[in-house]
Amino acid sequence: MKQISVFDVIGPNMIGPSSSHTAGALRIARVMHKLAPQDIAEVTFVLYGSFAKTYKGHGTDKALVAGLLGMSQEDERIKEAFEEAKRQGLKYKFEMSDSTNIKHPNTVEIIVTDSQGNQLSITGSSIGGGSISIDQVNGMDVFFTGEYYTLFITHEDKPGLVAHITNCLSVYRINIAYMKLYREHKGKMAYTIIEADEAINEEIIDKIMYNNKVHYAKIIDI
């Protein structure tokens, strides 16, 4: 039987009225803040289920913008997230979807576009008590929660790539808690997601990227 803590029941301490609609939403957006390029020009938040129905009254909209700006859940600026986005030149919009093809009622797709027109998208769910799951990246089904120190890597599906990645981690004595590989097709693009027990040193990114079959690597620590 899974043990739960009091924090699973009452949720985290943060600015906002609902752990599912504010803390969870902010954490999903913080994942995108970590994954996305630094020159985000605009973002679209596509809201599903109860997010689409109550996003204004529960502060989901401000929480999402705040998370994308990198604010923590204790940041008192959350209530001023729209003004801060304007100061930083970030264009944002919210779209409602009535699609029922979602894993959880509190679901959002975040689509960012950088200054060069490149796009990145993630779909995440707020599953209660401030906990989240990331269910898609660029339309590909994945799964991670942000509860661990997470390493997200995009690479070609070639022999030796996973061994290269794990060897880089072993040099820094990083213990892997979970590791998952997702791929579009054999030999095409793949995502490796590693959840670790220890903080991941930024120097590991350079070592992983040294292999020219690796296209992208980011540390997600929310």
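The values are calculated or read from the model by the stated rules, or taken from the named source; none is laboratory data. Being a predicted model, the structure only gives us computed values, none of them experimental. Neighbour counts run over all protein chains shown; Cβ positions are idealised from the backbone, glycine included.
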(message) Checking the structure you have, find out if any residue of region 42-49 is aromatic (Phe, Trp, Tyr) and part of a strand (DSSP E or B).
(response) yes
(request) Scan region 165-190 residue by residue and report those that are out of contact with any His (no Cβ under 8 Å at 6 or more places or on another chain) and under 16 Å from Asp141 (Cα atoms). (result) Met179, Lys180, Leu181, Tyr182, Arg183, Glu184, His185, Lys186, Lys188
(request) Please work out if Lys180 is closer than 25 Å to Thr60 by Cβ and of a type in the set (Lys, Arg). (result) no
(message) Looking at Ser131, Ser121, Ser126, can you tell me which residue is surrounded by 13 or more Cβ atoms within 10 Å (Cβ to Cβ) and in contact with a His (Cβ under 8 Å, 6 or more places away or on another chain)?
(response) Ser126
(request) Read through the list (1) in contact (Cβ under 8 Å) with a residue 12 or more places away in the chain; (2) out of contact with any strand residue (DSSP E or B) (no Cβ under 8 Å at 6 or more places or on another chain), then give the number of the only condition that Gly160 fails. (result) (1)
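Check Asp75, Asp98, Asp114 and return the single one that is acidic (Asp, Glu), at pLDDT below 95, surrounded by fewer than 14 Cβ atoms within 10 Å (Cβ to Cβ) and farther than 27 Å from Ala177 by Cα.
Details: Asp75 fails: surrounded by fewer than 14 Cβ atoms within 10 Å (Cβ to Cβ); Asp114 fails: surrounded by fewer than 14 Cβ atoms within 10 Å (Cβ to Cβ).
Testing whether each residue is acidic (Asp, Glu), at pLDDT below 95, surrounded by fewer than 14 Cβ atoms within 10 Å (Cβ to Cβ) and farther than 27 Å from Ala177 by Cα leaves just Asp98.
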(request) Evaluate the following for Ala66: is it part of a helix (DSSP H, G or I) and either of a type in the set (Lys, Arg) or in the same structural domain as Gly130 (by TED's automatic domain parsing) (or both)? (result) yes
(request) Among the residues of region 163-175, write down those that are in contact with a strand residue (DSSP E or B) (Cβ under 9 Å, 6 or more places away or on another chain) and surrounded by 13 or more Cβ atoms within 10 Å (Cβ to Cβ). (result) His164, Ile165, Thr166, Leu169, Ile174
(message) Are there strands (runs of 3 or more DSSP E) fully within region 143-222 with at least 3 residues that are in contact with a Leu (Cβ under 9 Å, 6 or more places away or on another chain), under 20 Å from Gly124 (Cα atoms) and of a type in the set (A, V, I, L, M, F, W, C)? List them.
(response) 149-156, 189-196, 214-220
(request) Just give me the residues in region 126-175 being of a type in the set (S, T, N, Q) and in contact with a Phe, Trp or Tyr (Cβ under 9 Å, 6 or more places away or on another chain), in sequence order. (result) Ser126, Ser133, Asn138, Thr150, Thr154
(request) Report, by residue number, each residue of region 162-193 that is of a type outside the set (A, V, I, L, M, F, W, C) and over 14 Å from Lys207 (Cβ atoms). (result) Asn175, Tyr178, Lys180, Tyr182, Arg183, Glu184, His185, Lys186, Gly187, Lys188, Tyr191, Thr192
(request) Would you confirm whether any residue within region 52-60 is at pLDDT 90 or above and under 30 Å from Ile153 (Cα atoms)? (result) yes
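Select, from Ser72, Ser125, Ser99, the only residue that is closer than 22 Å to Ile193 by Cβ and outside any helix (DSSP H, G or I).
Unique residue meeting the criteria: Ser125.
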